[in-house]
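Heads up, the thing below is written out as structure tokens.
The values are calculated or read from the model by the stated rules, or taken from the named source; none is laboratory data. Note that this is a predicted model, so its numbers are computed, not measured. As a convention, Cβ positions derive from the backbone with ideal geometry for all residues, glycine included, and neighbour counts pool all protein chains shown. SASA here: full protein model, heavy atoms, side chains in, ligands and nucleic acids out. Shrake-Rupley method; radii C 1.70, N 1.55, O 1.52, S 1.80 Å.
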Amino acid sequence: MNSIKNASSKHFIQQITNGNISFLSKAITLVESNSQKHYQKASEILEGCLPHANGCIRIGITGVPGVGKSTFIEAFGKYLTRLNKKVAVLAIDPTSSLNKGSILGDKTRMESLVNDKNAFIRPSPSGDSLGGVTRKTRESITLCEAAGFDYIIVETVGVGQSEVAVHGMVDFFLLLKLANAGDELQGIKRGIIEMADLIVINKADGKFEKQANLAKTEFKRALHLFPAKESEWIPEVTTSSALNNTGIENIYQILNTYLKLTKKNGYFYQQRKLQNKQWFYEAINNELKNQFYKDEKVIESISEYLNKIEKDEINPFKAAQNLLKRTTI
Ligand code: GDP
């Protein structure tokens, strides 16, 4: 591992584009790091990897804890690797940081996919800001693409805002639901349902099967009330049993139908261009903030203004304005 740590950016790029998972993994760690030194190296590696990225399909998968995401991703991932495809899974957990516990973090998740040589699974501690999640995940996607993965699955827990961010970086958005939650259109925010290209009612087995089929019909009806999508795609609703491996192939077919349509009408490519433009803005915003907060003068002034705010000598808006006016970075 030490030799990886000391490897040059050029070597990193070479190894990643050769599909070397250890280097990919270490590069993602650099991307996730908040240290300035790592940031520099991560940027160089990313720049070198960018020309090699773009060939894969990016899928967002969300759903509340317990709906069966890891079981589903394992079943779907295994299906893809059996087709000889390479699959990367990036799991974003907004509840975790490096040292806190997490919803996604337990090691038993996706055991058979973990041991599949054509799969790569990476839980991502999201750190403290949504901006952080977005940048790190986008960059991790780029690195995985350069490493030759055919499918990249980005998983979120469906409890926060990160779904919107993830929707902005994938080609296809899949929402996993339960039939018997009794909260059909409330448990998951309307906005998330609106973003979905496919809703899968999971756990359609045993005593839940009938309920799952009923929920499917209900959802199909409900989706008609949503405005038409720019992609011209009519969102699908289907069922699966991730546990029994049923419905998986059908989901793969739905994904392919979606890709065929959106590649034919150009939406797929337009969407990627739009996402790149968003990435550009995000990169500027991140860099501006980064430079601003590490500036010595800014650090000093911030502490002075905080003092004044504490003593009620200035209001926070005025303080911010004064600071921004006087600072050129
Ligand atoms: P996650 O929190 O969304 O990642 O959910 P998990 O994949 O960890 O699954 C939560 C629980 O539901 C586990 O006990 C799984 O075995 C179970 N589960 C997942 N998928 C299915 C399914 O299709 N049918 C049934 N009956 N149970 C499932």
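Which of the residues spanning the stretch 188-211 are open to solvent by 60 Å² or more (accessible area, probe 1.4 Å) and within 16 Å of the ligand (Cβ to nearest atom)?
Result: Lys203, Gly206, Lys207, Phe208, Glu209, Lys210, Gln211.
Go through (1) open to solvent by less than 40 Å² (accessible area, probe 1.4 Å); (2) on the phi > 0 side of the Ramachandran plot; (3) touching an Asp or Glu at 6+ places or on another chain (Cβ under 9 Å) and name the single condition Gly68 misses.
(3)
Taking the stretch 76-91 as the region of interest, how many residues are open to solvent by 10 Å² or more (accessible area, probe 1.4 Å) and within 16 Å of the ligand (Cβ to nearest atom)? Before you say what the answer is, go through the steps one by one.
From the stretch 76-91, those open to solvent by 10 Å² or more (accessible area, probe 1.4 Å) are 78-79, 81-86; that's our starting set.
Filter again for within 16 Å of the ligand (Cβ to nearest atom), leaving 78-79.
Matching residues across the stretch 76-91 total 2.
Looking at the stretch 215-235 only, could you name the residues that are over 19 Å from Leu176 (Cβ atoms), open to solvent by 50 Å² or more (accessible area, probe 1.4 Å) and among the basic types (Lys, Arg)?
Within the stretch 215-235, just Arg221 meets the criteria.
Conditions (1) under 25 Å from the mean Cα position of the chain (by Cα); (2) within 16 Å of the ligand (Cβ to nearest atom), marked per residue:
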site	(1), (2)
Asn213	no, yes
Thr217	no, no
Ala222	no, no
Leu225	no, no
Ser231	yes, no
Thr238	yes, yes
Ile248	yes, yes
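As an exercise: evaluate Ile45 against (1) open to solvent by 70 Å² or more (accessible area, probe 1.4 Å); (2) touching a Ser or Thr at 6+ places or on another chain (Cβ under 6 Å) and give the number of the one condition it does not meet.
All conditions are met except number (1).
Which one of these is within 19 Å of Pro123 (Cα to Cα) and either at pLDDT below 80 or open to solvent by 10 Å² or more (accessible area, probe 1.4 Å) (or both): Val170, Val154, Val164?
On the way: Val170 fails: either at pLDDT below 80 or open to solvent by 10 Å² or more (accessible area, probe 1.4 Å) (or both); Val154 fails: either at pLDDT below 80 or open to solvent by 10 Å² or more (accessible area, probe 1.4 Å) (or both).
Testing whether each residue is within 19 Å of Pro123 (Cα to Cα) and either at pLDDT below 80 or open to solvent by 10 Å² or more (accessible area, probe 1.4 Å) (or both) leaves just Val164.
Select from the stretch 21-75 the residues that are more than 16 Å from the ligand (Cβ to nearest atom), of a type in the set (D, E, K, R) and more than 16 Å from the chain's Cα centre (by Cα) and list them in ascending order. Reasoning before the result, please.
Taking the stretch 21-75 first, the residues more than 16 Å from the ligand (Cβ to nearest atom) are 21-58.
When the remaining residues are screened for being of a type in the set (D, E, K, R), the result is 26, 32, 37, 41, 44, 47, 58.
If the condition is that a residue be more than 16 Å from the ligand (Cβ to nearest atom), of a type in the set (D, E, K, R) and more than 16 Å from the chain's Cα centre (by Cα), then Lys26, Lys37, Lys41, Glu44, Glu47 are the ones that fit.
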